[in-house]
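Working notes, structure below.
The values are calculated or read from the model by the stated rules, or taken from the named source; none is laboratory data. All values derive from a computational prediction rather than experimental measurement. As a convention, Cβ positions derive from the backbone with ideal geometry for all residues, glycine included, and neighbour counts pool all protein chains shown. Each accessible area value is taken on the protein alone, full model and side chains, heavy atoms only, with ligands, DNA and RNA left out. Shrake-Rupley method; radii C 1.70, N 1.55, O 1.52, S 1.80 Å.
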Amino acid sequence: MNNQITVIELEHVFFAYQKHLILEDVSLKVQKGEFLAIIGPNGAGKTTLLKLMLGLLKPQKGNIYLFGKPVAMWDKIKNRIGYVPQTATIDASFPINVEEFVMTGRYGILRGTMRPQKKDWQIVAKVLEEVGIAEIKHRQIGELSGGQRQKMLIARALAGEPEVLVLDEPMTAIDPESMEGIYELLKRLHQQNLTIITVSHDVGVVAQYSDNIACVNRKVVKHGRPEEVLREEVLTAMYGKEAAFFHHGPIPHIVVQAESEPCFPRKKED
Ligand SMILES: Nc1ncnc2c1ncn2[C@@H]1O[C@H](COP(=O)(O)OP(=O)(O)OP(=O)(O)O)[C@@H](O)[C@H]1O
């Protein structure tokens, strides 16, 4: 990492849905140019954490800063973040093609001018090429495979030329070959100094691509470089005994059961 500009900072953040505490005393900094992977069991609060970082949820306690600015000042800077949600609601019957859908990622920037200009179409063309879906740009969005759809969502997030790309389990519904292609794309974008924050269940793979990993299980259980975090005792404490470990080389290749339960105590009605 070249410089130490903090793009996102959480200070002692607490968040609850109704009375259920989901995140407790979370403090975390993401630096410009960092590739941060967030891992943790199902229901650990990873998506909630991303939504807090994006200003989609407000913490009950604690502070969150985006590019050094508190939440109240985020309206003008939100466009600097691209978001690929875990479950994007797309109306597949909506009569637009891939290229037009990806252009919607520029609408936040286009406010006022309304119609996309030549430059906007050039940016969309570049992004489609980068993500590897240029050849299907005229296809209707309802005619895509799961993997193509996911790539289209990533392309839409990139079309806004973000400084930070936030992805929530981007590999859902993607075949292993495309998955590698997407990780390679993220690696290239990271090399171009894009800050990347991604939630992933693929612990072994993120270890190869990320600068840092945050293990989240209601709290930030551990945050640091992959070799510091991906230790058997840390992962067993977080995922429980169901986690399986296969050691190859300095960083273990780890398979964690996606269905493993959160380790922190929950009330029955949860
Ligand atoms: N809108 C909501 N209202 C109430 N509870 C919610 C809401 N969204 C999420 N939760 C609950 O908050 C907890 C954390 O959810 P979250 O989606 O942040 O976890 P996660 O770590 O991303 O899980 P997964 O890996 O399964 O996607 C879960 O128990 C979930 O059921």
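Residue-by-condition table, conditions (1) within 10 Å of the ligand (Cβ to nearest atom); (2) in contact with a Pro (Cβ under 8 Å, 6 or more places away or on another chain); (3) not in a helix (DSSP H, G or I):
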position	(1), (2), (3)
I8	no, no, yes
E11	no, no, yes
K51	yes, no, no
L57	yes, no, yes
D75	no, no, yes
N79	no, yes, no
A92	no, no, yes
Legend entry - Filter result (open to solvent by 50 Å² or more (accessible area, probe 1.4 Å) and either in a helix (DSSP H, G or I) or without any contact (Cβ under 8 Å) to a residue 60 or more places away in the chain (or both)) within the range 16-28: Y17, Q18, K19
Legend entry - Pairs where the first residue, in the range 214-233, is open to solvent by 60 Å² or more (accessible area, probe 1.4 Å) and the second is part of a strand (DSSP E or B) and β-branched (V, I, T), C-beta under 7 Å, 6+ apart: K219/V26
Legend entry - Criterion: within 20 Å of the chain's Cα centre (by Cα), assigned to a loop (DSSP other than H, G, I, E, B) and more than 20 Å from M238 (Cα to Cα) - qualifying residue of G43, G33: G33
Legend entry - Criterion: within 28 Å of S27 (Cα to Cα) and open to solvent by 40 Å² or more (accessible area, probe 1.4 Å) - qualifying residue of K187, K137: K187
Legend entry - Residue list for the range 29-47, restricted to those being open to solvent by less than 10 Å² (accessible area, probe 1.4 Å) and either free of Cβ contacts under 8 Å to residues at least 60 places away in the same chain or at negative phi (or both): V30, E34, F35, L36, A37, I38, I39, P41, A44
Inset, instruction - Could you list, in sequence order, all residues of the range 107-122 that are in contact with a helix residue (DSSP H, G or I) (Cβ under 6 Å, 6 or more places away or on another chain) and at pLDDT 90 or above? - result: D120
Legend entry - Given (1) in contact with a Pro (Cβ under 7 Å, 6 or more places away or on another chain); (2) on the phi > 0 side of the Ramachandran plot, number of the condition N63 does not satisfy: (2)
Inset, instruction - Quick one: count up the residues across the range 50-66 that are open to solvent by 40 Å² or more (accessible area, probe 1.4 Å) and in contact (Cβ under 8 Å) with a residue 40 or more places away in the chain. - result: 4
Legend entry - Meets criteria (open to solvent by less than 60 Å² (accessible area, probe 1.4 Å), more than 16 Å from the ligand (Cβ to nearest atom) and either part of a helix (DSSP H, G or I) or under 21 Å from V216 (Cβ atoms) (or both)) for E99: yes
Inset, instruction - Say whether the condition of being hydroxyl-bearing (S, T, Y), in contact (Cβ under 8 Å) with a residue 24 or more places away in the chain and closer than 17 Å to K51 by Cα is met by at least one residue in the range 174-196. - result: yes
